[in-house]
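Colleague: Sharing a structure with you now.
The values are calculated or read from the model by the stated rules, or taken from the named source; none is laboratory data. Here the structure is a predicted model, which is why all the values come from computation and not from measurement. Note that each Cβ is placed from the backbone with ideal geometry, even for glycine, and that neighbours are counted across all protein chains shown. Only protein heavy atoms, including side chains, enter the accessible area calculation; ligands, DNA and RNA are left aside. Shrake-Rupley method; radii C 1.70, N 1.55, O 1.52, S 1.80 Å.
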Amino acid sequence: MCGIVGYIGRAEAVPILLDGLRRLEYRGYDSAGVAILNGEGLAVRKAVGRIANLAQVISENPAGGSLGISHTRWATHGAVTSENAHPHTDKSGRLVLVHNGVIENHQTLRTGLEEKGHIFHSQTDTEVLAHLIGAAFDRRGEKTQAALVESVREALRQVIGTYGIAVIHAAVPGVLVGARRGSPLILGVGKGEHFLASDVSAVVAHTREAVYLNDYEIVALRADGFEISTLAGSDASFEVSKVEFTAGDVDKGQYAHYMLKEIHEQPDTVRDALRGRLSAEEATAKLGGLDMTNAELREVERIVLSGCGTAFHSAMVGEYLIETLAHLPVECEFASELRYRNLPMTRDTLVFVISQSGETADTLAALRESQRKGHRTLGICNNVASTIARESDGGVYMHAGPEIGVAATKSFTSQLTIMTLLALLLGRIRHISYAEGLEIIAHLEKLPDLVARVLELESHVAAIAKKYAHSKNFLFMGRQANYPIALEAALKLKEISYIAASGYPSAELKHGVIALITEETPSVFIAPRDAVFEKNLSNIEEVKARKGPVIAVGTEGDTSLSRVADDVILIPQAPDYLTPILATIPLQLFAYYIAVELGCDVDKPRNLAKSVTVE
Ligand code: G6P
């Protein structure tokens, strides 16, 4: 949700900023801008649309210099126009600022500033920050790093809301100032140069040393050093961390899209989610990051799983798995609802928040609210340096590597793998026997190979996708743990191809949904050979009786599906608790190839952002 990149050093800033913005484009891509400071003053360039448009504007009107800030926007306040694109300037025109987050009291602040003669040029909430900091700086009169930092501090004390910001002032040409509250900001440490960014992927091509800023911290960067202080005014302690991945990990490689690359990474990412977590000796899963003894886990009587979007769908699968394997009651809550609900939670409730990015504002708020109520709250995150990973009381990392495609794919199957491990662990300390535990482990060990086999279906799935790509409406159906997979498959299709799609438990068909069935409305059934297979089969018959086209995802060796369905995709045989992972993959490919057939921008679907760091 908006991406920030800043640079101070000796190199030309523009190529570094543009490259960083391209790597952050997943955070928003409706407009972009840069501001460069050089001997002649500030040069600001903006463009509506993608980074490529901004690059074009700069090539026509170059801006040289070794200090700059830049931004890729996902609009919250104000339409997508060049005026609303960041950076924004203050009254003097000598201070520029980029911002990620939402300033909730911007209207009040704006009115106060207008009364003092400030003129605003955009409808954004951000512009008030530029004016506030600029006015504080002008009042001080001093033109030093300390004065700029103090002005940022003074302005931020008046602000209600969230921010990650980068600020430069023409009067202090050797300094770049950043601050954060609620929106991520990292500092990249180089030799004779420093970087500021929303995410390390923007700077990993230049340095693998990073400092993850905390909320209420302000950083002042120079080419040769930096200081971090708190909003209250004291020095802040920090740690320089080694970034685990390389620039190569955030490239598309041989693939046409990040989404396709990430779908293909799943044999490895599932393996990485399992790595070191299966103990044949104890016939259970080992999740050391939970930081809980078996005795403590035994005390847990109820589990709440929370997240947003795709992460919520893995919570739903988790509910089925944990209730089935561990017989523990589980409740799934959208994080956006949990944060404002007063959910009755008994003392023995354990809360998990699930988030690929670890930065989703609603999920972070759900984590904090459940901690405020005294519950141990664990995080299931991919981004190890994220706010949720740092603030949770423990958790499980996905280890899926950077996910760039806006539509989540590999992170979802990693989350499902972790849900299975959790169900095994919780089940083993209750009623799963040693022998049953070993059997589950044996199946989990084979899972990465099964995932690789499912990927061999790619050309078959692509052909089916092409056949149905021009349908206007799709229904996805499944039962039990495959019902959330129907929801996730529908979400993937909506996100990247803009086709109306909805997911239902198969049996709900007859309660209204069936009215939608026509020859033009394809239904996708997830119907592996499980305890409810026959039930799914009769739901398929109900659709066929009304001439609806049916695509069925079944189990290898099955012959009955092909007698009723128009198209069949067969996944390898596996126990019921693993079919959600295996059934997901062809449906990711199905959505992908439909979007490609329709010429959609797969990695950057309209209106979406990968990491929603505003409420
Ligand atoms: C956004 C993304 C979704 C994602 C959701 C939760 O809406 O577009 O793809 O599932 O956020 O993201 P998280 O990083 O918390 O898993």
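Colleague: Take the stretch 222-233 and flag every residue that is surrounded by 17 or more Cβ atoms within 10 Å (Cβ to Cβ), within 28 Å of the chain's Cα centre (by Cα) and part of a strand (DSSP E or B).
Modeller: Within the stretch 222-233, just ILE228 meets the criteria.
Colleague: Can you run down the residue pairs with Cβ atoms below 9 Å, 6 or more apart or on separate chains, where the first is in the stretch 232-248 and touching a residue at least 60 places away in the same chain (Cβ under 8 Å) and the partner is of a type in the set (Phe, Trp, Tyr)?
Modeller: Filtered contacts from the stretch 232-248: SER241/TYR212.
Colleague: Next question. ALA47 fails exactly one of the following numbered conditions: (1) in contact with a helix residue (DSSP H, G or I) (Cβ under 7 Å, 6 or more places away or on another chain); (2) within 28 Å of GLY192 (Cα to Cα). What is the number of that condition?
Modeller: It is condition (2) that ALA47 fails.
Colleague: Follow-up. Can you tell me which residue within the stretch 378-415, out of those that are in contact with a Leu (Cβ under 8 Å, 6 or more places away or on another chain) and in a helix (DSSP H, G or I), is farthest from the ligand (Cβ to nearest atom)?
Modeller: The qualifying residue farthest from the ligand (Cβ to nearest atom) is GLU391.
Colleague: Sticking with this one: Do we have GLY318 as open to solvent by 30 Å² or more (accessible area, probe 1.4 Å), within 18 Å of THR417 (Cα to Cα) and out of contact with any Lys or Arg (no Cβ under 7 Å at 6 or more places or on another chain) here?
Modeller: Spelling it out, it is not the case that GLY318 is open to solvent by 30 Å² or more (accessible area, probe 1.4 Å), within 18 Å of THR417 (Cα to Cα) and out of contact with any Lys or Arg (no Cβ under 7 Å at 6 or more places or on another chain).
Colleague: Going through the stretch 55-68 one residue at a time, which ones are within 18 Å of TYR29 (Cβ to Cβ) and open to solvent by less than 30 Å² (accessible area, probe 1.4 Å)?
Modeller: Passing the criteria: ALA55, ILE58.
Colleague: More than 16 Å from the ligand (Cβ to nearest atom), in contact with a helix residue (DSSP H, G or I) (Cβ under 9 Å, 6 or more places away or on another chain) and among the hydrophobic types (A, V, I, L, M, F, W, C): does that describe ALA335?
Modeller: Numbers: more than 16 Å from the ligand (Cβ to nearest atom): no; in contact with a helix residue (DSSP H, G or I) (Cβ under 9 Å, 6 or more places away or on another chain): yes; among the hydrophobic types (A, V, I, L, M, F, W, C): yes.
Taking the combined requirement at face value, the residue does not satisfy it.
Colleague: Enumerate the pairs (first residue in the stretch 401-414 and on the phi > 0 side of the Ramachandran plot; second residue anywhere and at pLDDT 90 or above and within 9 Å of the ligand (Cβ to nearest atom)) with beta-carbon separation below 9 Å, excluding pairs fewer than 6 apart on the same chain, so at least 6 apart or on different chains.
Modeller: Close Cβ pairs satisfying both conditions: GLY401/ASN382.
Colleague: Which of the residues that make up the stretch 106-126 are among the charged types (D, E, K, R) and in contact (Cβ under 8 Å) with a residue 12 or more places away in the chain? Lay out the reasoning, then the answer.
Modeller: Here is the first cut: in the stretch 106-126, the residues among the charged types (D, E, K, R) are 110, 114-116, 125.
Once the filter is applied, which keeps residues that are among the charged types (D, E, K, R) and in contact (Cβ under 8 Å) with a residue 12 or more places away in the chain, the stretch 106-126 yields ARG110, LYS116, ASP125.
Colleague: Out of everything in the stretch 593-603 that is open to solvent by 50 Å² or more (accessible area, probe 1.4 Å) and assigned to a loop (DSSP other than H, G, I, E, B), what residue ends up being farthest from the ligand (Cβ to nearest atom)?
Modeller: Among residues in the stretch 593-603 that are open to solvent by 50 Å² or more (accessible area, probe 1.4 Å) and assigned to a loop (DSSP other than H, G, I, E, B), the one farthest from the ligand (Cβ to nearest atom) is GLY599.
Colleague: In the stretch 547-592, which residues are in a strand (DSSP E or B) and among the aliphatic types (A, V, I, L, M)? Before the answer, list the steps.
Modeller: Step one: list which residues in the stretch 547-592 are in a strand (DSSP E or B), which gives 550-555, 567-571.
Across the stretch 547-592, the qualifying residues are VAL550, ILE551, ALA552, VAL553, VAL568, ILE569, LEU570, ILE571.
Colleague: Continuing with the same structure: Is it the case that THR420 is closer than 19 Å to ARG275 by Cα and away from the ligand (no atom under 16 Å from the Cβ)?
Modeller: Considered against the rule, which asks whether it is closer than 19 Å to ARG275 by Cα and away from the ligand (no atom under 16 Å from the Cβ), THR420 comes out as yes.
Colleague: On to the next question. State all residues of the stretch 359-372 that are over 16 Å from PHE412 (Cβ atoms) and either within 13 Å of the ligand (Cβ to nearest atom) or out of contact with any strand residue (DSSP E or B) (no Cβ under 8 Å at 6 or more places or on another chain) (or both); if no residue qualifies, say none.
Modeller: GLU359, ALA361, ASP362, LEU364, ALA365, ALA366, LEU367, ARG368, GLU369, ARG372, listed by residue number.
Colleague: Regarding the stretch 429-439, can at least one residue be identified that is of a type in the set (D, E, K, R), in a loop (DSSP other than H, G, I, E, B) and either more than 13 Å from the ligand (Cβ to nearest atom) or within 26 Å of the chain's Cα centre (by Cα) (or both)?
Modeller: Yes - at least one qualifying residue is present in the stretch 429-439.
Colleague: Could you please find all residues in the stretch 344-358 being open to solvent by less than 10 Å² (accessible area, probe 1.4 Å) and within 8 Å of the ligand (Cβ to nearest atom)?
Modeller: ILE354, SER355, GLY358
Colleague: Could you say which residue among ALA79, ALA63 is assigned to a loop (DSSP other than H, G, I, E, B) and within 27 Å of the chain's Cα centre (by Cα)?
Modeller: Exactly one of ALA79, ALA63 is assigned to a loop (DSSP other than H, G, I, E, B) and within 27 Å of the chain's Cα centre (by Cα), namely ALA79.
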